[in-house]
1. Compute the Cα gyration tensor for the chain, then decide on rounded, prolate or oblate, letting a ≥ b ≥ c be the square roots of its eigenvalues: rounded whenever a/c is under 1.5, prolate when a/b is larger than b/c in the other cases, and oblate in all that remain.
2. For the pair residue 18/residue 5, report the inter-label distance in nm, with labels modelled 7 Å from Cα in the Cβ direction.
3. Placing +1 at every Lys and Arg Cβ and -1 at every Asp and Glu Cβ, with all other atoms neutral, what dipole size does the chain have around its Cα centre, in debye to the nearest 20?
4. Tabulate in residue order the Karplus-calculated ³J(HN,Hα) for segment 81-95, using 6.51 cos²θ - 1.76 cosθ + 1.60 with θ = phi - 60°, rounded to whole Hz; enter x for Gly and Pro.
5. Can you give the local net charge around residue 122? Use residues other than it whose beta-carbon is closer than 10 angstrom to its beta-carbon, Lys and Arg +1, Asp and Glu -1.
6. Take the alpha carbon gyration tensor of segment 1-86, find the square roots of its eigenvalues, order them as a ≥ b ≥ c, and report rounded if a/c is under 1.5; if not, report prolate when a/b exceeds b/c, else oblate.
7. Which aspartates and glutamates does residue 91 reach when only Cα atoms under 12 Å apart count, and residues fewer than 8 places away in its own chain are ignored?
8. What's the FRET efficiency of residue 27 with residue 51 using the Cβ-Cβ distance as r and R₀ = 22 Å, to the nearest 0.05?
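The values are calculated or read from the model by the stated rules, or taken from the named source; none is laboratory data. These figures come from a predicted structure and were not determined experimentally. Cβ atoms come from the backbone with ideal geometry, glycine included; neighbour counts cover every protein chain shown. These area figures cover heavy atoms from the full protein model, side chains too; ligands, DNA and RNA do not enter into them. Shrake-Rupley method; radii C 1.70, N 1.55, O 1.52, S 1.80 Å.
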Amino acid sequence: LDSVTRWRMQSAPVATFEADLPRTLQLAALQLPQGFNPRTIALARQWQQQTPDPLQLTRRFLDMLRRDFKYTISAPPVGINATDDFLFETKLGFCQHFSSAYAVFMRAAGVPARVVTGYVGGHYNKIGDYWLLKHKDAHAWTEIWIEGFGWVRVDPTASVSPMRVEN
């Protein structure tokens, strides 16, 4: 969009969670392109053997981000193995880098994952009774499938830049 546009929307949590993940959706949420990001895939499989619980594996991944990575909107370019470049070389990025790297990692570890995009923040105008959302409010996060819980939201960016998400 290159001009102000008014949309009328409503948001509400889903009344029930999906108790089961249909096989077709599970396969789609585990799919990775062949021949890309070998270092990420190798690390994910190694860590999954050491840490088989998806939530503990998530904590381990987020600890790595917290310790070694920085948030920036001026991320350096990455190559054809973008996730490998991000996780092992640049260690600099914004929400799309963090969410997609986590999704690739978890899929390689055998955990269904998906990237979700939307907005975080915005400014509420009381007089006009509307929310003003700008490009800077766009955000990407991840969801992983946990048996018995359904899709669980994980925001890797919050590990590196909590203010980006809280504000």
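1. Taking the square roots of the gyration eigenvalues as a ≥ b ≥ c, the chain is oblate.
2. 2.7
3. Working: 18 positive and 15 negative charges, 48 e Å.
Here the chain has a charge dipole of around 240 debye.
4. After applying 6.51 cos²θ - 1.76 cosθ + 1.60, I find 9, 4, 5, 4, 4, 5, 6, 10, 10, 6, 6, 10, x, 10, 3 Hz.
5. Numbers: positive: 134, 136; negative: 137.
Here the charged neighbours net out to +1.
6. Details: a/c = 1.76, a/b = 1.20, b/c = 1.47.
Since a/c reaches 1.5 but b/c is at least a/b, the shape of segment 1-86 is classed as oblate.
7. Those aspartates and glutamates meeting the cut-off are 68.
8. Working: r = 23 Å, r/R0 = 1.07.
After rounding, the FRET efficiency stands at 0.40.
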